[in-house]
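Notes to accompany the following structure.
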Amino acid sequence: LIRVPGAQIYKLRDATRRTSQLANQLLALSRADARNIDAQPLQRVDLKELCETMLEAHLDAATAKHIDLGLDTQPVHVSGHEWLLRELLSNLVNNAVKYTPQHGAVTLRCGVSPASDQGPTSQVAFLEVEDDGPGVPAAERERILERFYRASGTVGEGNGLGLAIADEIARVHHAKLVVAEGAQGRGLRVTLQLPPTDSA
């Protein structure tokens, strides 16, 4: 009979979990490749419903860290691939909850806003996750969209694929992923901008 110390069992479990997460993220990245998506028909996606579903899915993880996970949504629909937009939002929320310290706040948003780079009547739909965590230095905000890149000073587990997957999904939708600092100069705000189909 071979006895394995408890500490080694926990290390094995952690290694197995991280390997599984990496495999799942690599699979998601492959599925999000634009070359694999072109033949699939677009759907009418309810972003408000998507935010509500993602809040429910991540509520336990947020509660465990005493994080205030909230919604700020307006009714809005877009044309897209629902399962990919779900993957994008899940990655954004997972990152925010993972890197926001205990007793912090994470907010999911969606709605319609004026398009700053187009005409005065043009609008964009947006899907957004904002946190009040440590944030990312301005010089590194574009780089965190690269595969396997982790911002300097990042603590905790992670393999640098979550935002890369989100950016690939944005490209599939001919949309824009904007990374900026959060409110009052704290945390991180990641916003997906894409054309709305309607606002109801």
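The values are calculated or read from the model by the stated rules, or taken from the named source; none is laboratory data. The shown structure was predicted, so the numbers you read here are calculated from the model rather than taken from an experiment. We place every Cβ from the backbone using ideal geometry, glycine too, and count neighbours over all the protein chains shown. When the accessible area is computed, the model is the full protein with side chains, heavy atoms only, and any ligands, DNA or RNA have been set aside. Shrake-Rupley method; radii C 1.70, N 1.55, O 1.52, S 1.80 Å.
Here are the numbers for the structure shown:
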{"quantity": "Qualifying residue in region 31-38 (condition: farther than 21 Å from LEU163 by Cα and either aromatic (Phe, Trp, Tyr) or at pLDDT 90 or above (or both))", "calculated": "no"}
{"quantity": "Per-region count, region 83-103, residues without any contact (Cβ under 8 Å) to a residue 40 or more places away in the chain and in contact with a strand residue (DSSP E or B) (Cβ under 7 Å, 6 or more places away or on another chain)", "calculated": "2"}
{"quantity": "Restricting region 50-107 to residues that are at pLDDT below 95 and among the basic types (Lys, Arg), the residue that is least open to solvent (accessible area, probe 1.4 Å)", "calculated": "LYS98"}
{"quantity": "Pairs where the first residue, in region 137-152, is more than 15 Å from GLY182 (Cα to Cα) and the second is open to solvent by 90 Å² or more (accessible area, probe 1.4 Å) and at pLDDT 60 or above, C-beta under 9 Å, 6+ apart", "calculated": "TYR149/ARG143; ALA151/PRO134; ALA151/ARG143"}
